[in-house]
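Let me begin by presenting the structure, written as structure tokens, before commenting on it.
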Amino acid sequence: MKLTGEPDEKTDWKANKSQIEFEIETFEQNSAGKFIDTTNKVLIDYQISEKKDSLFGTLKNNYGVHKFSMLKTENYNEYLNRKFRVEFTLPKSNSTDLIKVDPIYGMKIFISYDNNQLTGKTEFSNSLKNLENDIKSFREKLGTFFGPKDWRNQKFYLSVYADQKVTDSIITESLSVTTKSDFFINNDIPRPPNDTMAIRIYRIYDDGKNNNLSSRKAKRIKTIANTVYN
């Protein structure tokens with residue numbers, strides 16, 4: 001069988017009920033900085049759940065060992081429900097007041113009700129008690145994408161997936177946190193040590209078209225963080 005990587009590239013692959021194996025021709029720099037042809041050998045060990053809706057595996061290649069998992073779901077919201085073990089139904093709206101936000105800059109927050117008790121968690125923690133450290137971890141992750149002092153890191157925001165029964169005011173009260181700013185003015189002059197940065201909060205809505213993962217429809221809601229800079 002053939003595995004397609006780039007549009008004009010294919011490679012042979014073989015598989016059984018627990019493994020997938022293939023090779024990819026790549027270009028790498030040697031110690032002298034010269035690009036040479038190399039072969040990246042890939043071996044995937046995997047298991048499929050009894051319901052055949054989840055796959056868990058380990059990928060081994062020239063660059064190390066990487067664990068991964070995959071879920072089969074009807075849509076992205078169901079994927080989030082299952083991955084983070086939280087039940088929520090997003091509020092629906094076709095309002096023109098909704099804006100598009102880029103999900104790469106948004107740390108996911110989940111707020112819902114469990115047995116009539118309000119519960120909240122982040123994509124890093126099972127509660128909101130560790131919010132400041134979770135924000136730090138997320139911003140460090142952004143820094144690995146763009147560089148620690150890149151201006152795009154300042155596009156960070158809280159991406160709130162809250163159940164339709166949760167009011168905006170509850171979200172505001174739950175996320176009253178402020179972090180110190182490490183942004184450099186003109187990439188040169190640091191702000192004062194006790195300076196702070198406003199936390200932007202966007203509530204995610206279901207507008208019936210939220211299957212486009214490159215953007216989310218959202219509404220910016222009030223924050224009671226100590227706002228110094230927007």
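Spin-label model, E87/Q164: points 7 Å from Cα along the beta carbon direction are separated by 1.5 nm. Partners of K222 within straight-line reach, counting lysines whose Cα lies under 22 Å from its Cα and excluding those fewer than 8 residues away in the same chain: K92, K100, K108, K121, K129, K136, K155, K165, K180.
Think of a 1.4 Å ball rolled over the protein heavy atoms: the range 3-139 then has 72 Å² of accessible area per residue.
Here's the picture: charge each Lys and Arg Cβ at +1 and each Asp and Glu Cβ at -1 in the range 82-177, and of L158, L118, S137 the one pushed furthest to the positive end of that dipole is S137.
A full extension of the chain between I48 and K10 corresponds to an added length of 11.1 nm, given 0.36 nm per residue minus the alpha carbon distance.
Calculated on C-alpha atoms, the gyration radius of the range 78-183 divided by its Kirkwood radius gives an Rg/Rh of 0.97.
Alpha carbon centre of the range 74-149 versus the range 44-58: separation in Å? Computed from Cα coordinates, the inter-centre distance equals 25 Å.
Roughly how many percent of the accessible protein surface of the range 46-182 is carbon and sulfur, given a 1.4 Å probe and a whole-percent answer?
47 percent
The values are calculated or read from the model by the stated rules, or taken from the named source; none is laboratory data. In this text, all values refer to a predicted model and were calculated from it rather than measured experimentally. Quick reminder, even Gly has a Cβ in these numbers, built from the backbone with ideal geometry, and neighbours come from all protein chains shown. Quick note on the areas: whole protein, heavy atoms, side chains included, nothing else; ligands and nucleic acids left out. Shrake-Rupley method; radii C 1.70, N 1.55, O 1.52, S 1.80 Å.
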